[in-house]
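Visitor: Sending over a structure as structure tokens; questions will come in a sec.
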Amino acid sequence: MTERLSARAALALVTDDFTELAPPARRWRPDGPLGWQGYDAQHARAAERTGEEESVVCGTGSVEGTRAVLISFEFGFLGGSLGERTGDRLEAAYAHARAHRLPIVPLVATGGSRMQEGMLALTQLQRVARQSELNRQAGLAQIAVLRDPTTGGGWATLGAGADVVLALPGAQVGFAGSRVRPPDADPSAYTAEAQVAAGSADAVVEPGELRAVLGRWLRLLTRPSKAPAPVPAALGARELPASGWDAVRRARDPHRPRARAYLDAYFTHRVEISGDRCGGADPGGVLCGFGEHEGRTVAYAAQTGTATRPAGYRTAARLIRLADRLGVPVLTLVDTPGAANDAEAERQGAGPAIAEVFAAVAAARTPVTTLVIGEGGSGGALALAAPGNTWATPDSYFSVIAPELAAAILKRPPGEVEATAGHLRITPQELAELGVIRTGDQVFPGTGDRHS
């Protein structure tokens with residue numbers, strides 16, 4: 001487990017400089033709002049022990065050159081718990097971020113709501129949720145860093161409610177704290193690593209790398225752009241396929257360039273988001289994140305050539321919605337034989353997950369650019385494609401369904417699969433003639449720049 005840091009040590013770990021915000025004034029009642037006997041004494045001991053007046057320290061600072069509002073929890077102050085005065089400070093921090101158009105970074109370490117303030121403490125979560133939503137509506141990024149421990153309402157608002165969730169290794173993370181879990185609960189489920197595996201957090205970051213990683217995220221998420229993402233250059237075959245079956249054969253070639261090759265060639269550097277925030281992740285099926293291309297930020301969702309799982313679609317939808325809110329253009333790379341169609345995929349909500357992506361692309365105000373780089377299998381591929389701005393490489397195809405399945409549905413013998421591929425008109429040049437894709441020299445030469 002990573003060393004448990006104080007609030008100010010955590011700030012020093014990630015910031016180049018830090019200026020604390022003046023805490024809002026609140027009239028204090030003896031022993032707090034409930035008159036909890038001994039609460040004033042507990043408060044005084046916590047202040048003496050930590051040097052802090054409350055469980056959070058809020059201010060502005062630079063992280064690798066990007067200004068942000070930072071909220072750092074002091075776990076040594078009554079377990080980093082949230083009370084009324086904590087809520088005052090949090091509300092003021094979010095408001096300051098909106099007023100100055102700054103991203104916000106909570107460095108979370110809390111056991112939850114403060115018992116000595118009862119329901120008034122619990123309702124601070126509503127205040128936090130409201131402030132977070134206002135910042136979301138203002139198009140401001142929120143990046144949470146989960147320290148040890150991050151439990152209760154702090155996890156369910158400041159932590160899990162952020163756009164990007166990073167965590168320190170070994171941190172205890174979960175809605176249920178260690179003292180309120182079932183006695184037979186598996187402790188490994190309440191860790192940062194488990195939350196990443198479950199799709200509830202994006203990455204575990206070593207303390208020594210946190211400043212650089214956080215700085216990279218902040219730079220990428222604070223550079224909106226109205227121009228569409230340029231179409232990547234084709235990396236594989238340059239000549240057009242001779243037939244539909246030739247297109248299928250080349251798209252299925254195991255040596256054809258895949259998503260990672262395209263992303264590596266396109267971006268100077270990139271960072272990945274992971275997980276659908278619904279209990280699942282599909283890192284082998286869809287790569288999602290933000291990167292730098294020719295000096296500006298582009299978001300990406302790239303299929304990897306496998307059957308895409310429901311969690312992959314939900315992660316892609318999450319990425320597109322986030323990019324849209326931040327004003328960042330999106331690049332999607334289509335490459336899948338189709339959506340996963342096994343029984344488990346149905347139990348995980350394949351249809352609703354695909355519907356989420358269709359809806360996210362349809363609703364996006366930010367420009368979406370699509371390149372088909374391999375197999376374009378049915379609706380599982382089309383969901384990520386931008387209407388009117390989809391391109392295709394020469395070693396790709398796009399089809400209403402795989403030729404083998406089309407032949408089976410039409411009750412054709414196996415020997416007619418290749419002919420069926422031709423009947424479907426799935427080659428890039430045929431798709432251009434049908435008006436499904438755009439063509440241009442960057443994806444296959446000799447076609448000029450035509451929008452079919």
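The values are calculated or read from the model by the stated rules, or taken from the named source; none is laboratory data. Fair warning: this is a prediction, and the values are worked out from it, not measured in the lab. Cβ atoms come from the backbone with ideal geometry, glycine included; neighbour counts cover every protein chain shown. These area figures cover heavy atoms from the full protein model, side chains too; ligands, DNA and RNA do not enter into them. Shrake-Rupley method; radii C 1.70, N 1.55, O 1.52, S 1.80 Å.
Visitor: For the range 1-15, which positions are at pLDDT 95 or above and either within 24 Å of residue 91 (Cβ to Cβ) or open to solvent by 80 Å² or more (accessible area, probe 1.4 Å) (or both)?
Guide: Hits for the range 1-15 are 6, 7, 8, 10, 11, 14, 15.
Visitor: Being basic (Lys, Arg), more than 30 Å from residue 219 (Cα to Cα) and crowded, with 19+ Cβ neighbours inside 10 Å is the filter here, so list the residues in the range 238-267 that pass it.
Guide: Step one: list which residues in the range 238-267 are basic (Lys, Arg), which gives 238, 249-250, 252, 256, 258, 260.
Within this subset, residues satisfying the condition of being more than 30 Å from residue 219 (Cα to Cα) are 238, 249-250, 252, 256.
If the condition is that a residue be basic (Lys, Arg), more than 30 Å from residue 219 (Cα to Cα) and crowded, with 19+ Cβ neighbours inside 10 Å, then 250, 256 are the ones that fit.
Visitor: Test residue 296 against the stated conditions and say whether it is surrounded by fewer than 20 Cβ atoms within 10 Å (Cβ to Cβ) and over 21 Å from the mean Cα position of the chain (by Cα).
Guide: No; evaluated as a whole, the condition is false for this residue.
Visitor: Being more than 26 Å from residue 134 (Cα to Cα), at pLDDT 95 or above and surrounded by fewer than 24 Cβ atoms within 10 Å (Cβ to Cβ), is that true of even one residue in the range 372-380?
Guide: Scanning the range 372-380 turns up no residue that is more than 26 Å from residue 134 (Cα to Cα), at pLDDT 95 or above and surrounded by fewer than 24 Cβ atoms within 10 Å (Cβ to Cβ).
Visitor: Failed condition for residue 78, given (1) buried (at least 23 other Cβ atoms within 10 Å of the Cβ); (2) under 20 Å from residue 129 (Cβ atoms); (3) over 29 Å from the mean Cα position of the chain (by Cα); (4) not small (Gly, Ala, Ser), with all others met?
Guide: (2)
Visitor: Name the pairs: first residue in the range 161-182 and farther than 28 Å from residue 139 by Cβ, second residue of a type in the set (A, V, I, L, M, F, W, C) and in a strand (DSSP E or B), Cβ to Cβ under 6 Å, at least 6 apart or on different chains?
Guide: Sorted first by the residue in the range 161-182, then by its partner, the pairs are 169/204; 171/146.
Visitor: Residue check, residue 123 against (1) open to solvent by 40 Å² or more (accessible area, probe 1.4 Å); (2) in contact with a Gly (Cβ under 7 Å, 6 or more places away or on another chain); (3) among the polar types (S, T, N, Q), all met but one. Which one?
Guide: It is condition (2) that residue 123 fails.
Visitor: Name the helices (runs of 4 or more DSSP H) wholly within the range 26-129 that hold at least 2 residues that are in contact with a Pro (Cβ under 6 Å, 6 or more places away or on another chain)? It would help to see each step written out before you state the result.
Guide: Values: elements: 39-50, 84-99, 118-122.
Here the list reads 84-99.
Visitor: Does any residue of the range 273-280 turn out to be of a type in the set (Ser, Thr, Tyr) and either in contact with a helix residue (DSSP H, G or I) (Cβ under 8 Å, 6 or more places away or on another chain) or modelled with pLDDT under 95 (or both)?
Guide: Looking through the range 273-280, at least one residue is of a type in the set (Ser, Thr, Tyr) and either in contact with a helix residue (DSSP H, G or I) (Cβ under 8 Å, 6 or more places away or on another chain) or modelled with pLDDT under 95 (or both).
Visitor: Taking the range 92-120 as the search range and keeping residues that are in contact (Cβ under 8 Å) with a residue 60 or more places away in the chain and in contact with a Lys or Arg (Cβ under 8 Å, 6 or more places away or on another chain), which one is surrounded by the fewest Cβ atoms within 10 Å (Cβ to Cβ)?
Guide: Only one residue fits best here, namely 107.
Visitor: Hey, among the residues in the range 31-53 that are aliphatic (A, V, I, L, M) and touching a helix residue (DSSP H, G or I) at 6+ places or on another chain (Cβ under 8 Å), which one's least open to solvent (accessible area, probe 1.4 Å)?
Guide: So the residue we want is 46.
Visitor: Identify, by number, the condition in (1) out of contact with any strand residue (DSSP E or B) (no Cβ under 9 Å at 6 or more places or on another chain); (2) within 16 Å of residue 274 (Cβ to Cβ) that residue 138 doesn't meet.
Guide: Here residue 138 clears every test but (2).
Let's see how each residue does on (1) under 18 Å from the mean Cα position of the chain (by Cα); (2) surrounded by 22 or more Cβ atoms within 10 Å (Cβ to Cβ):
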| site | (1), (2) |
| --- | --- |
| 269 | yes, no |
| 292 | yes, no |
| 318 | yes, yes |
| 339 | no, yes |
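Visitor: Take residue 178 and tell me if it is closer than 19 Å to residue 279 by Cα and open to solvent by 30 Å² or more (accessible area, probe 1.4 Å).
Guide: no
Visitor: Return the only residue of 414, 387, 352, 394 being within 21 Å of the chain's Cα centre (by Cα) and surrounded by fewer than 24 Cβ atoms within 10 Å (Cβ to Cβ).
Guide: 352
Visitor: Now for a separate question. What are the residues in the range 133-155 that are among the small types (Gly, Ala, Ser) and either touching a Leu at 6+ places or on another chain (Cβ under 7 Å) or within 19 Å of residue 67 (Cβ to Cβ) (or both), if any?
Guide: Listed by number, the residues that qualify are 138, 139, 141, 144, 153, 154.
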